[in-house]
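What follows draws every value from the coordinates through simple rules; no lab data is involved. What you see is a predicted model, and the numbers here were worked out from it, not measured in a lab. Positions of Cβ are generated from backbone atoms using ideal geometry, with glycine treated the same way; all protein chains shown enter the neighbour counts.
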């Protein structure tokens, strides 16, 4: 950000500290990316030390007494600024983060990091050996630490609010509960109807799909979306993610499986995350505002490119001939049959493989269990039983073992409690934005059919991406769609799409 | 390093600071590697800021008042330690580095960095456009800054000693001059004799060599040398280098050219650098001792694997059949003809393409010009003329333009004055070590012919690598070969090898 003449000297000092903070935070992201894509396994021990040192310095830069002093000193300057200005937004962000960070004692913060680092390998082993007993102490300790973390703050409406706030700033548990109750109410009858209907044939989605052909298809799709080697790269990893080393240095990762086309959709998903970071306003560079607004809003972007674009008929009108060329087994499969197959609804054990409807039940289950584990209403030892019961209740599925049940996700091992619900919030927000986008851009289907995605990108840049973290999620949504988070567009979208596919 | 019970508390504190210092230094190396191998071009601006922040924090960690206070406090403890102990060596290193660093004012240090960062793109353009005038202000400024840098220290025997010391600790200009004078005396008549003889045919080294076959040959060679995916990787870049992100995370880079086999030797060269870092004693991890002793000793390792191993007959007895299999055009070329061709001596314009004999004249030329430029005896405006005159004197070559003359190297643009001589010192040291290695390991030729390099690796680990930077270069050499740096083994090696190839 350029600072005008006569600007507050204390603000300049604060800005320099925050620039250093953000440089260090970005460096951690690069090391994290490197660790998961490039690092030889032998580098693990040294890398852990390097990351710990960076994490400590990053945190110290943010919460130092000096930051607190400067924040006080800069108050009159801050109050003289327009709410929407970059400087005012940076100060709002900083006050919020600083205010939260200084409440957590150094020892607790260290223990939170240590428990996460130590918990992940235990979880990996427990999952591999399908042994919940191994994981139980980790789960117990991590929830105990969350209770200590919550106790650092002034009481909120609910304890869980404090955890949620770290991933979805400003969101309250009661709001999410109301949204998820409405989702259940809308999706349960839809799911019953769908499951009572004749499912589309999707046998052709299983087979052998050479990796080079998958990569070529993804290369063409990404090139169409706006991926350029000038500012993007894509690499293989085990658990895919998107990362940004700078506004013009976006790194996607993917994981190919030879027996299905899963990674085509996963790559479009990661592109959505990457594009958000790529289109942040350049004036926000070297500030923590140069990042997506919340996990939920971030997920709205990945879901949009994966589902609203990537599982749509107009998109495949453009790319299905490419897919048929690269995978000759699809020569005898019509576009419509393919479209129905990639949108088939089928309750399953594993969250990350779930379809657009059942995915939300995986999330609701976790959201409910997390609250019970935090309050103590559910003892960690009883969590697998509670998990399995909810899987039966929501999806009618028997869980054969803990590896494909409660041990399937790494989140709780890494201490990320409060994270899951942002996935479903992302689904919901993606459809709220989509409704507005379709109204603003009536020619979108035709553009997709021609392989053009520029006007979608531009709309997202203008209404969402360029603002980075200047606003709270609710403020951003208010600006973009004129209202609060609302599940109705999402429910309407699913009813419409599945109604047509299943002939409901 | 493990610290025994009852060890000095101040030393523990100092060690923690130094561990942080080294973590940050390693992170910079990772970012440097990433920048040159992985980073999309769009990441350049953010990367420059990230590196500048890290450089500042790394430097501040080293030279803080706190480091100085702890160094004083720890003095009695240091004096109680064995000279060879890891702790004593760390304190010696730290005292030396701290003592040098605190003498350089912050502003000068910043200007040295800035001038280097700004000089490199100017050099690139000047070289591309063959326009020395563009580069002249950079050259003038960088030498002026070196004079200011020298003035920060107590006078030494010669001003240039201070520059040399940054790359080859403890080495004096007068020592290098004496060594180089002896090199000239030994090599000039040898070069004349060689050039008067019938040169070996090397026409088959020029042609078209598919990159995939080059990579496969290198893969086989590296696997034989001891490269394992567990701790190593290799990637493409423009100007190859080796880097270490940790003792078990070694990253080589290479640059393939389709019209020659240059990169096979360049890759062996970088392997030598990498192996040094890979075999540093694990007890030195997270200390600045976990690194090669000096640039000269480092270069002795790369030259050893490139030339003493990689241009030897026993090595090619093992690998020539692989080369012939991968490049069928060598089917009609005998091993002996190939061996003679890859060791052909031919004066040429470009240092990095020079053979084992003429390479040293490229270095001597730069060493002599640097001293004249530093003292002011040579005005930078007259440097191209002086360069061309020495090329004629030493190699009998006319320089057609500055791009292939004084502008060929980036070192002066980046402010690395005093660096070049370490390349020839490396050649010399490699042969001193080699003499001792051959005496200790009489079966080496047979092992190479069988593709076994383990006993060479182990010898180097024991006598050189494991010590890292515990000793000064002269101390290390004294331990390894029982004497100071000495050009005679190198001269004898070249006379022997070329005598046989050229029938002198």
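Cβ crowding within 10 Å, taken as a proxy for footprinting-reagent exposure, orders A:63, A:138, A:102 from fewest neighbours to most as A:102, A:63, A:138. The alpha-carbon atoms of region B:365-434, seen along their principal axes, cover 41, 27, 21 angstrom, with the largest extent given first. For residue B:443, inter-copy separations between label points set 7 Å beyond Cα along the Cβ vector come to 7.9 nm, shortest first. Report the percentage of all Cα-Cα pairs in chain B whose separation exceeds 36 Å, rounded to a whole percent. In whole percent, the long-distance tail amounts to 32.
Relative to its residue count, region B:65-223 spans a Cα convex hull of 279 Å³ per residue. How large is log10 I(q)/I(0) at q = 0.13, 0.16, 0.17, 0.20 Å⁻¹ when the Debye formula is applied to the Cα atoms of region A:297-363, each weighted equally and without solvent? Taking Cα atoms of region A:297-363 as identical point scatterers yields -0.44, -0.65, -0.72, -0.90.
With contacts taken as Cα pairs under 8 Å and at least 6 residues apart, region B:9-155 reaches a relative contact order of 21 percent. A label point on residue A:475, set 7 Å along the Cα-to-Cβ line, lies at 5.9 nm from each of its counterparts in the other copies, closest listed first. Looking at the protein assembly as shown alone, DSSP beta bridges between its own residues are antiparallel in about 45 percent of cases.
Looking at the protein assembly as shown, what % of the alpha carbon pairs are farther apart than 48 Å?
Summing the P(r) tail past 48 Å for the protein assembly as shown gives 36 percent.
The eigenvalues of the Cα gyration tensor, multiplied by 5 and square-rooted, give region B:140-201 an equivalent ellipsoid with semi-axes of 36, 14, 9 Å from largest to smallest. Normalised size of region B:96-174, defined as Cα radius of gyration per 2.2 N^0.38 Å with N residues, equals 1.25.
Three principal axis extents of region A:361-504 based on alpha-carbon atoms, in descending order, are 53, 43, 25 Å. Label point of residue A:208 (7 Å along Cα→beta-carbon): distances to the other copies' equivalent points are 3.3 nm, sorted ascending.
Using Cβ contacts closer than 10 Å as the measure, can you line up B:182, A:128 from fewest to most?
Starting with the residue having the fewest Cβ neighbours, the order is A:128, B:182.
Kirkwood radius, region A:149-285, all distinct C-alpha pairs, inverse of mean reciprocal distance: 18.8 Å. Secondary-structure-derived ellipticity at 222 nm for chain A, considering helices only, amounts to -20000 deg cm²/dmol, per-run term -39500 (n - 2.57) for DSSP H runs with n ≥ 4.
Residue exposure proxy: B:209, A:330, B:271, ordered by other Cβ atoms within 10 angstrom of their Cβ from fewest to most, comes out as A:330, B:209, B:271. Shown for region B:433-504 is the translational diffusion coefficient from the Stokes-Einstein equation, using the Kirkwood radius over Cα pairs, a temperature of 37 °C and a viscosity of 0.692 mPa s: 236 µm²/s. Over all pairs of different C-alpha atoms in region B:261-395, the reciprocal of the mean inverse distance, the Kirkwood hydrodynamic radius, equals 17.8 Å.
Across region B:9-155, Cα-Cα pairs farther apart than 21 Å form 59% of the total. For chain A, the longest principal axis of the alpha carbon atoms and the long axis of helix A:106-128 meet at an angle near 20°.
For chain A, the relative contact order comes to 20 percent (Cα pairs under 8 Å, sequence separation of at least 6). How much of the DSSP beta bridge set in chain B is antiparallel, as a percent to the nearest 5? That works out to approximately 45 percent antiparallel.
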